[in-house]
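These notes are about the structure you will find just below.
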Amino acid sequence: MNMSDFSLKGKLAVVTGGNRGLGQGMAVVMAKAGADVVSIQRGDSCPETAAQVEALGQKCYAISCDLAKLESAESVVAEIEEKFGPVDILINNAGIQRRYPAEKFPIEEWDLIMQVQLRSVFLMCQAFGCRMLERGSGKIINIASLLSFSGGLTVPAYAAAKGGIAQLTKALANEWAARGVNVNAIAPGYMATDMNTALIGDSTRSAQIMDRIPAKRWGIPEDMGGTAVYLASKASNYVHGQVICVDGGWMAR
């Protein structure tokens, strides 16, 4: 192995939710490693991500798709591959959060979380995976969570969905590993992004979280970069069905 095994030069990476937060961070690191990027999000532009990607000499495209309403991903895949070419890397990152005590959790919010965080991920894996299987190669990276392993507080739908992501990742790896497609997941720890604004603003809960993190800080999108590039590159060709924590040591405590 040499450092060129980590290069993504000539590759095309699709990132859902690439317009902000962790998705933007991973889109930019894909570009740093040499890939062109397609961001899928609500709205037909991602100016901040595009500016950062293009400053690195790579191309950045935007595709509008509301994952909360996604019934089929085939048209999304067809549009991307017809316009920009074969997709080598899929990062299923887009997500939402809702917080209620479990006994008061609205079923409509449960259904929304399941749609965005789990059902749409399967649909994207299935649609992009079919094309990758035909070509005999591809890298799929699902974004799991620490709540793939633990239950959390006031987020039963999110925990259930992220537990499902971990198992979906393993199930797809079992079927697709021998056919040239790697399916793995990254489980980020507590990250300083918009999704965690409420937690960061809760001084008591934020202090409890910080106390458990051995690294003694919240994560930032850039912390996901190395693992994302590794799983997207040739360097991880024999890695299948793994859920890799990027959590400042949280799961070690």
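The values are calculated or read from the model by the stated rules, or taken from the named source; none is laboratory data. Everything numeric here is computed off the predicted structure, so don't read it as measured data. Neighbour counts run over all protein chains shown; Cβ positions are idealised from the backbone, glycine included. When the accessible area is computed, the model is the full protein with side chains, heavy atoms only, and any ligands, DNA or RNA have been set aside. Shrake-Rupley method; radii C 1.70, N 1.55, O 1.52, S 1.80 Å.
Between the amide H of residue 62 and those of 39, distances stay under 5 Å, these residues lying 5 or more places away or on another chain, with hydrogens modeled in the peptide plane.
GNM on the chain, alpha-carbon springs under 10 angstrom: the most fluctuating residue among 27, 235, 207 is 207.
First compute the accessible area of the chain with a 1.4 Å probe, then give the percent of it belonging to carbon and sulfur atoms. Don't jump to the answer; show the numbers that get you there.
Numbers: 5990 of 11560 Å².
In the chain, the share of accessible area belonging to carbon and sulfur is 52 percent.
Kirkwood Rh, segment 98-172, all Cα pairs: how many Å? Each step should come with its number before you reach the end.
Numbers: mean 1/r = 0.0755 Å⁻¹.
About 13.2 Å for segment 98-172.
If you add up the charges near residue 243, with Lys and Arg at +1 and Asp and Glu at -1, over every other residue whose beta carbon is less than 13 angstrom from its beta carbon, what do you get? List each step's numbers first, then the result.
Values: positive: 162, 170; negative: 247.
For residues surrounding residue 243, the net value is +1.
If you take the Cα centroid of segment 1-22 and the Cα centroid of segment 201-247, the two points sit 17 Å apart. Residue 108 contributes about 120 Å² of solvent-accessible surface, heavy atoms of the protein only, 1.4 Å probe.
Any idea what % of Cα-Cα pairs in the chain are farther than 26 Å? Considering the chain, 36 percent of its Cα-Cα pairs are separated by more than 26 Å. With Cα atoms as the point set, the radius of gyration and Dmax of segment 1-81 evaluate to 13.0, 43 Å.
Heavy atoms of the protein chains alone define the surface here; on that basis the chain has 46 Å² accessible area per residue at 1.4 Å probe size. For the options 187, 178, 33, a Gaussian network treatment of the chain with springs between C-alpha atoms closer than 10 Å singles out 178 as fluctuating the most. Dipole orientation for the chain: of the candidates 73, 168, 186, 186 has the Cα lying most toward the positive pole (charges on Cβ; Lys, Arg +1; Asp, Glu -1). Tell me the angle of helix 156-176 to the major Cα principal axis of the chain, expressed in degrees between 0 and 90 and rounded to the nearest ten. Once rounded, the angle reads 30 degrees. Within the listed set 57, 201, 21, the residue fluctuating most in the Gaussian network model of the chain (springs between alpha-carbon atoms under 10 angstrom) is 201. Give the angle, between 0 and 90 degrees and rounded to the nearest 10, that separates the Cα long axis of helix 21-32 from the longest principal axis of the Cα atoms of the chain. Between the helix axis and the principal axis of the chain, the angle is about 30 degrees. Helix 203-212 and the longest principal axis of the Cα set of the chain meet at an angle near 60°. Taking a point 7 Å out from the Cα of residue 4 in the direction of its Cβ, the residues of segment 223-253 whose backbone N falls within less than 14 Å of it are 234-235. In this simple spin-label approximation, residue 210 and residue 114 carry label points 7 Å from Cα along the Cα→Cβ vector, and these lie 3.8 nm apart. Taking all protein chains as they are arranged and a probe of 1.4 Å, the heavy atoms of residue 103 leave approximately 150 Å² accessible to solvent. For residue 110, the accessible surface of its heavy atoms amounts to roughly 80 Å² (probe 1.4 Å, protein chains only, rounded to the nearest 10). Taking the Cα centre of the chain as origin, work out the dipole magnitude from +1 charges on Lys and Arg Cβ and -1 charges on Asp and Glu Cβ, in debye rounded to 20. Computed charge dipole of the chain: roughly 620 debye. For the chain, the number of Lys pairs with C-alpha atoms closer than 14 Å, counting only pairs eight or more positions apart or on separate chains, is 12. In loop segments of segment 40-94 as defined by DSSP, the trypsin sites (Lys or Arg not before Pro) with at most 15 further C-beta atoms inside 10 Å of their C-beta are 42, 59.
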